[in-house]
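Before any comments, here is the structure.
The values are calculated or read from the model by the stated rules, or taken from the named source; none is laboratory data. Predicted model, so just to flag it, every value in this text is computed and none were measured. Here the Cβ positions follow ideal geometry from the backbone for every residue, glycine too, while neighbour counts run over all protein chains shown. Heads up: the accessible areas ignore ligands, DNA and RNA and are worked out on the full protein's heavy atoms, side chains in. Shrake-Rupley method; radii C 1.70, N 1.55, O 1.52, S 1.80 Å.
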Amino acid sequence: LAIDLSGSMESEDFELNRQRVNRLEIAKDVLKKFIERRPSDRMGLVAFAGKAYIAAPLTLDHSFLIQNLERLELHSIEEGTAIGAGLSATVNRLRDLKSKSKIVILMTDGQNNAGKIPPVTAAEAAQALGIKVYTVGVGTRGTAPFPRGYNLAGQKVYTQVPVDIDEKTLQQIADKTGGKYFRADSTDTLRKIYD
């Protein structure tokens, strides 16, 4: 599982328990349920923003995996969106794995603007290794509310920022590797994708 931790994931265009939440919070909630429903699958976790990091190695210990998912935080990795590096790090973890199927699920809300590896090059490596990549573009269409602090009454103040998902590249990655591209523009659609 590869998850975007770039600053734009702070946009609060999703709901959880009738409360407005940011993209990372809803992603954690959905991924946790996804992990719990797949007890026999070995999974790992890569977090990326300006660079990519292994947040959890491949494991069958899903409680360990969920602990590492829950401790992911925004602004903990240098800024940017290195989709190519995130995909490359994930593919490298699967390269030598002996398994009937190897799958990457990559979730991002932006465009590749950091890192040295172009996303399509990383997808070509995945294709050569027989790894399917499912890409998920997360965010509403048009603009999204981004928190800018609090007013004098203690209420959150938001600015509407444009949502800029590179759907063309995410579709290319999925097509090249035999996966699929999904667009999650609401909590409900994100849950359905992972179902």
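Taking THR140 as the residue in question, decide whether it is over 17 Å from ASP4 (Cα atoms), touching a residue at least 24 places away in the same chain (Cβ under 8 Å), outside any strand (DSSP E or B) and open to solvent by 20 Å² or more (accessible area, probe 1.4 Å). So THR140 does not fit the description; no. Checked against (1) in a loop (DSSP other than H, G, I, E, B); (2) farther than 24 Å from PRO118 by Cα; (3) of a type outside the set (A, V, I, L, M, F, W, C), LYS33 meets all criteria but (1).
Sub-6 Å Cβ pairs linking a first residue in region 91-106 that is under 17 Å from ALA56 (Cβ atoms) and in contact (Cβ under 8 Å) with a residue 24 or more places away in the chain to a second residue that is open to solvent by less than 30 Å² (accessible area, probe 1.4 Å) and part of a helix (DSSP H, G or I), at least 6 apart or interchain, are VAL91/ALA126; LYS102/LEU94; VAL104/THR90; LEU106/LEU87, ordered by first then second residue.
Being under 13 Å from the mean Cα position of the chain (by Cα), open to solvent by less than 40 Å² (accessible area, probe 1.4 Å), farther than 20 Å from GLY139 by Cα and not small (Gly, Ala, Ser) narrows it down to one residue among LEU5, LEU45, LEU24, LEU31; which is it? Write out each step before concluding.
On the way: LEU5 fails: farther than 20 Å from GLY139 by Cα; LEU24 fails: farther than 20 Å from GLY139 by Cα; LEU31 fails: farther than 20 Å from GLY139 by Cα.
Result of the check over LEU5, LEU45, LEU24, LEU31: LEU45.
How many residues are closer than 13 Å to SER6 by Cα and either open to solvent by 100 Å² or more (accessible area, probe 1.4 Å) or free of Cβ contacts under 8 Å to residues at least 60 places away in the same chain (or both) if we restrict to region 65-81? Please lay out each step first, then the result.
Here is the first cut: in region 65-81, the residues closer than 13 Å to SER6 by Cα are 72-81.
If we keep only those that are either open to solvent by 100 Å² or more (accessible area, probe 1.4 Å) or free of Cβ contacts under 8 Å to residues at least 60 places away in the same chain (or both) as well, we get 73, 75, 78-79.
Matching residues across region 65-81 total 4.
Filter region 151-192 down to the residues that are closer than 20 Å to ARG18 by Cα and under 19 Å from the mean Cα position of the chain (by Cα) and list them by number. ALA184, ASP185, SER186, THR187, ASP188, THR189, LEU190, ARG191, LYS192, listed by residue number. Out of all the residues in region 168-185, is one or more open to solvent by 40 Å² or more (accessible area, probe 1.4 Å), among the polar types (S, T, N, Q) and modelled with pLDDT under 95? Within region 168-185 (the criterion being open to solvent by 40 Å² or more (accessible area, probe 1.4 Å), among the polar types (S, T, N, Q) and modelled with pLDDT under 95), the answer is no, since none of the residues qualifies.
Criterion first (among the acidic types (Asp, Glu) and modelled with pLDDT of 95 or more) does ASP96 satisfy it? If you could, list the steps in order and put the result at the bottom.
On the way: among the acidic types (Asp, Glu): yes; modelled with pLDDT of 95 or more: no.
Here the answer is no, as ASP96 does not meet what is asked.
Within region 82-107, the set of residues being touching a Lys or Arg at 6+ places or on another chain (Cβ under 9 Å), open to solvent by 80 Å² or more (accessible area, probe 1.4 Å) and assigned to a loop (DSSP other than H, G, I, E, B) comprises just one member, ARG95. Restricting region 143-167 to residues that are more than 26 Å from ARG183 (Cβ to Cβ) and among the aliphatic types (A, V, I, L, M) leaves a set whose member that is most open to solvent (accessible area, probe 1.4 Å) is LEU152. As for region 124-131, it holds no residue that is at pLDDT below 95, part of a loop (DSSP other than H, G, I, E, B) and not acidic (Asp, Glu).
Here are some residues: GLN160, GLN155. Which one is more than 14 Å from ASP109 (Cβ to Cβ) and at pLDDT below 95?
Details: GLN160 fails: at pLDDT below 95.
Of the residues listed, the single one that is more than 14 Å from ASP109 (Cβ to Cβ) and at pLDDT below 95 is GLN155.
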